[in-house]
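The block underneath contains the structure these notes are about, expressed in structure tokens.
The values are calculated or read from the model by the stated rules, or taken from the named source; none is laboratory data. Quick caveat: nothing in here was measured; it's all calculated off a predicted structure. As a convention, Cβ positions derive from the backbone with ideal geometry for all residues, glycine included, and neighbour counts pool all protein chains shown.
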Amino acid sequence: MKVAFDYQTFALQSYGGISRYFVKLAKGLDVHGCDTRIFAPLHRNRYLAELDDNKVQGFELNDYPPKTARLFLRLNHSLCSRAISRFAPDVIHETYFSKHPTSSHKLGIRFLTVYDMIHEKFASQFPGRDQTSQNKLLAVQRADHVICISQSTRNDLCDLFDIDSSKVSVVHLGFEGFNALGKRRQLSVSRPYLLYVGQRKGYKNFQTVLRALASLTNIGREIDVVAFGGGAFCQEEVGLINSLGFSDRQVRQMSGGDDLLEALYEKALAFVYPSYYEGFGLPPLEAMAYKCPVISSNTSSMPEVIGDAGLFFDPSSADDLASIIESIFFDSELRNKLIEKGLRRKELFTWHKCSEETAVLYKKYAKNGV
């Protein structure tokens, strides 16, 4: 079976979860009878270097010149369409949400992956000119079959876009640890800390972590908060940190590579995931892999991914989160149980399983000619 991935995510991302997902699929589909090619004529993605040359048709650029991104997207679209037509695949898998299809629909069964419905559920947090939601709807409508990365995303997609559920399947993402080269970062830690990872604005709900800890008058000053990634604290965040009375350096932002992040997971009192919405959410699995107890909001895909390997709270309630932080701090037996459950839970999510289930869907719908 011949499978084509189009240029979109590889032209848009140098690094990122979506392009990594398709590279992992391209690697894994081989053993399931799929001849997979990525058509990214003039891309800027670093992950594609992991693949054999015969899997990627295109050239890597360091970056696009300033103010030329749209031009390169149009050029990629034209060149990609021609190349896919020559390949004549059985399956065309669009890697993001374009207004216009890549190549002719007559060439093969068209698949699309939907990762989340954040643009629809939190529209006010995106610029008015953002066309992601409109293009996503067009891409979903022209697809023969849609893959969602969680049941939660599938439910939201069907509800918000009025899509027949029979057109949508769930295939969970895979997970692997960091640091294939075996580097280790040594941390000198004198105080317990809660670890937060990623962007902090809007629906990510970082402020609730600060408010919850500040409300714990008995232990709130004994625990630090480390926010990894997401850039330096903005003026609003600095103002909140000061207003809540945190001592100097008690709340700090850190950036770095995977070696630093894995060290932070390993030493943390707990990892806190307060987001109001995630399409899947890999950071809790990362925490589990590095024996870090997981505390998460109880919304969207989080219970589906975390299962019984974490403690859940209402993301709108700082008091709810504060109670769990207190339990984690005083109960070492609870922490150890969460670590054990987490190590078992993460084993359910592998790239082998992800690629196998994807291949099954390709073969099913290509055979049926849907």
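Restricting attention to region 154-161, does a residue exist that is at pLDDT 95 or above and at positive phi?
Our first condition is that a residue be at pLDDT 95 or above; within region 154-161, this holds for 154-161.
From what's left, at positive phi: none.
Checking region 154-161: not a single residue is at pLDDT 95 or above and at positive phi.
Is it fair to say Arg129 is without any contact (Cβ under 8 Å) to a residue 40 or more places away in the chain, within 20 Å of Tyr362 (Cβ to Cβ) and not assigned by TED's automatic domain parsing to the domain that holds Tyr276? Give the steps one after another, and end with the answer.
Details: without any contact (Cβ under 8 Å) to a residue 40 or more places away in the chain: yes; within 20 Å of Tyr362 (Cβ to Cβ): no; not assigned by TED's automatic domain parsing to the domain that holds Tyr276: yes.
So Arg129 does not fit the description; no.
So which residues in region 80-96 are without any contact (Cβ under 8 Å) to a residue 60 or more places away in the chain and over 20 Å from Cys34 (Cβ atoms)? Give the steps one after another, and end with the answer.
So in region 80-96, the residues without any contact (Cβ under 8 Å) to a residue 60 or more places away in the chain come out as 81-83, 85-86.
Ser81, Arg82, listed by residue number.
For region 305-333, name all the residues that are touching a Leu at 6+ places or on another chain (Cβ under 8 Å) and among the β-branched types (Val, Ile, Thr).
Within region 305-333, Val305, Ile324, Ile325, Ile328 qualify.
Go through (1) modelled with pLDDT of 95 or more; (2) of a type in the set (A, V, I, L, M, F, W, C); (3) under 27 Å from Gly230 (Cβ atoms) one by one and return the number of the condition Ala49 breaks.
(1)
Return the residues of region 320-342 that are touching a helix residue (DSSP H, G or I) at 6+ places or on another chain (Cβ under 7 Å) and surrounded by fewer than 17 Cβ atoms within 10 Å (Cβ to Cβ); say none if nothing qualifies. Break it down stepwise before answering.
Step one: filter region 320-342 for residues touching a helix residue (DSSP H, G or I) at 6+ places or on another chain (Cβ under 7 Å), giving 321-322, 325, 327-328, 334-335, 342.
Within region 320-342, Ser327, Leu334 meet the criteria.
May I ask you to list pairs of residues, at least six apart or on different chains, whose Cβ atoms are under 6 Å apart, with the first in region 290-310 being at positive phi and the second being part of a loop (DSSP other than H, G, I, E, B) and buried (at least 24 other Cβ atoms within 10 Å of the Cβ)?
Ser300/Glu278
In the set Leu25, Leu29, Leu71, Leu48, which member is in a helix (DSSP H, G or I) and surrounded by fewer than 17 Cβ atoms within 10 Å (Cβ to Cβ)? Working first, answer last.
Working: Leu25 fails: surrounded by fewer than 17 Cβ atoms within 10 Å (Cβ to Cβ); Leu29 fails: surrounded by fewer than 17 Cβ atoms within 10 Å (Cβ to Cβ); Leu48 fails: surrounded by fewer than 17 Cβ atoms within 10 Å (Cβ to Cβ).
Just one listed residue meets the conditions, Leu71.
Here is a check on your reading of the model: is Ala227 more than 30 Å from Leu348 (Cα to Cα), among the small types (Gly, Ala, Ser) and either assigned by TED's automatic domain parsing to the domain that holds Ala322 or modelled with pLDDT under 95 (or both)? Don't jump to the end; show me each part of the working.
Values: more than 30 Å from Leu348 (Cα to Cα): no; among the small types (Gly, Ala, Ser): yes; either assigned by TED's automatic domain parsing to the domain that holds Ala322 or modelled with pLDDT under 95 (or both): yes.
When the stated conditions are applied, Ala227 does not pass them.
Is at least one residue of region 254-266 closer than 18 Å to Val294 by Cβ, modelled with pLDDT of 95 or more, in a strand (DSSP E or B) and not assigned by TED's automatic domain parsing to the domain that holds Ser150?
Scanning region 254-266 turns up no residue that is closer than 18 Å to Val294 by Cβ, modelled with pLDDT of 95 or more, in a strand (DSSP E or B) and not assigned by TED's automatic domain parsing to the domain that holds Ser150.
On the given criteria, is Ala232 among the small types (Gly, Ala, Ser) and within 17 Å of Phe206 (Cα to Cα)? Can you show your working first?
Details: among the small types (Gly, Ala, Ser): yes; within 17 Å of Phe206 (Cα to Cα): yes.
Judged against the criteria, Ala232 is a match.
Check whether at least one residue in region 17-29 is without any contact (Cβ under 8 Å) to a residue 24 or more places away in the chain and within 17 Å of Asn76 (Cβ to Cβ), and report yes or no.
Step one: list which residues in region 17-29 are without any contact (Cβ under 8 Å) to a residue 24 or more places away in the chain, which gives none.
Scanning region 17-29, I find no residue that is without any contact (Cβ under 8 Å) to a residue 24 or more places away in the chain and within 17 Å of Asn76 (Cβ to Cβ), so the answer is no.
State yes or no: is Ser301 closer than 30 Å to Cys34 by Cβ and outside the structural domain of Lys121 (by TED's automatic domain parsing)? Steps first, please.
Details: closer than 30 Å to Cys34 by Cβ: yes; outside the structural domain of Lys121 (by TED's automatic domain parsing): yes.
Yes: the conditions hold for Ser301.
Inspect region 219-231 for any residue being out of contact with any strand residue (DSSP E or B) (no Cβ under 8 Å at 6 or more places or on another chain) and either closer than 30 Å to Asp116 by Cα or not charged (D, E, K, R) (or both) and give the result as yes or no. First the steps, then the outcome.
Step one: filter region 219-231 for residues out of contact with any strand residue (DSSP E or B) (no Cβ under 8 Å at 6 or more places or on another chain), giving 219-222.
In the following step, the residues that additionally are either closer than 30 Å to Asp116 by Cα or not charged (D, E, K, R) (or both) were identified as 219-220.
Checked region 219-231: at least one residue is out of contact with any strand residue (DSSP E or B) (no Cβ under 8 Å at 6 or more places or on another chain) and either closer than 30 Å to Asp116 by Cα or not charged (D, E, K, R) (or both).
Pairs needed: first member in region 320-341, over 16 Å from Asn298 (Cβ atoms); second member anywhere, among the β-branched types (Val, Ile, Thr) and surrounded by fewer than 17 Cβ atoms within 10 Å (Cβ to Cβ); C-beta distance under 6 Å; at least 6 residues apart or different chains.
Taking only residues 6 or more apart or on different chains, the pairs are Phe329/Ile219.
Condition first: surrounded by 20 or more Cβ atoms within 10 Å (Cβ to Cβ) and in contact with a strand residue (DSSP E or B) (Cβ under 8 Å, 6 or more places away or on another chain). Now tell me which residues in region 84-96 satisfy that.
Kept after step one, since they are surrounded by 20 or more Cβ atoms within 10 Å (Cβ to Cβ), are these residues of region 84-96: 84, 89, 91-96.
If the condition is that a residue be surrounded by 20 or more Cβ atoms within 10 Å (Cβ to Cβ) and in contact with a strand residue (DSSP E or B) (Cβ under 8 Å, 6 or more places away or on another chain), then Ile84, Pro89, Val91, Ile92, His93, Glu94, Thr95 are the ones that fit.
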